[in-house]
Amino acid sequence: PRVEGAPPDVVDALSSNGWSVREVAAYRNLPADRDTPGASAVATRRVDVVTFTSASTVRNFLQVAGTPQELGLETGGGGNRAVACIGPVTATAATEAGLRVDVVAEEHSVPGLVRALVERFGHVAPLEP
């Protein structure tokens, strides 16, 4: 079981090693509505870091929030906000979509992404209620 439209890498690797693989799409990722608070916060630049955990989150985010240029997150652009990715596959998708990638987690997990952000920025501010 895996996400609908996932890259064939895992299936191909298992098949090439003699496994009989039956791929089942257990879920699919869909973009949120454009009027969600998160999309609005990014569009109005009220965030410090945008994090991505998969290539589909990159695609869906841009579909909802706007272009990298509109958001001030384009490759080669500066600014005081960062783009962080859970791993190199997600970072490649972000870069190919025109996003500037500032942080890539060494360990490809949510805790690894948090560690990479803490290493990059030095601390984590407490959340406001």
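Of everything listed in (1) without any contact (Cβ under 8 Å) to a residue 12 or more places away in the chain; (2) closer than 25 Å to R115 by Cα; (3) not acidic (D, E), the single unmet condition for A55 is (1). You will find that of S20, S40, S54, the residue that is polar (S, T, N, Q) and farther than 24 Å from F121 by Cβ is S20 and no other.
The residues of the range 9-28 that are open to solvent by 70 Å² or more (accessible area, probe 1.4 Å) and closer than 29 Å to Q63 by Cα, listed by number, are D9, V10, E23, Y27, R28.
Here are T44, T51: which of them is loosely packed, with under 15 Cβ neighbours inside 10 Å, more than 21 Å from D9 (Cβ to Cβ) and polar (S, T, N, Q)? Of T44, T51, the one residue that is loosely packed, with under 15 Cβ neighbours inside 10 Å, more than 21 Å from D9 (Cβ to Cβ) and polar (S, T, N, Q) is T44. Within the range 99-111, being within 20 Å of P7 (Cβ to Cβ), free of Cβ contacts under 8 Å to residues at least 40 places away in the same chain and surrounded by 15 or more Cβ atoms within 10 Å (Cβ to Cβ) holds for V101, V104, A105, H108. Selection of the range 12-52 for residues being within 27 Å of V114 (Cα to Cα) and among the aromatic types (F, W, Y) yields Y27, F52. Looking for something over 14 Å from the mean Cα position of the chain (by Cα) and open to solvent by less than 10 Å² (accessible area, probe 1.4 Å) - is there at least one such residue anywhere in the range 67-79? Among the residues of the range 67-79, at least one is over 14 Å from the mean Cα position of the chain (by Cα) and open to solvent by less than 10 Å² (accessible area, probe 1.4 Å), which makes the answer yes. Can you find a residue in the range 66-83 that is under 22 Å from A6 (Cβ atoms) and not hydrophobic (A, V, I, L, M, F, W, C)? No, that holds for no residue.
The values are calculated or read from the model by the stated rules, or taken from the named source; none is laboratory data. These figures come from a predicted structure and were not determined experimentally. Because the Cβ atoms are built from the backbone with ideal geometry, glycine has one as well, and the counts that use them run over all protein chains shown. Accessible surface is based on the protein model in full, side chains and every heavy atom, while ligands, DNA and RNA are left aside. Shrake-Rupley method; radii C 1.70, N 1.55, O 1.52, S 1.80 Å.
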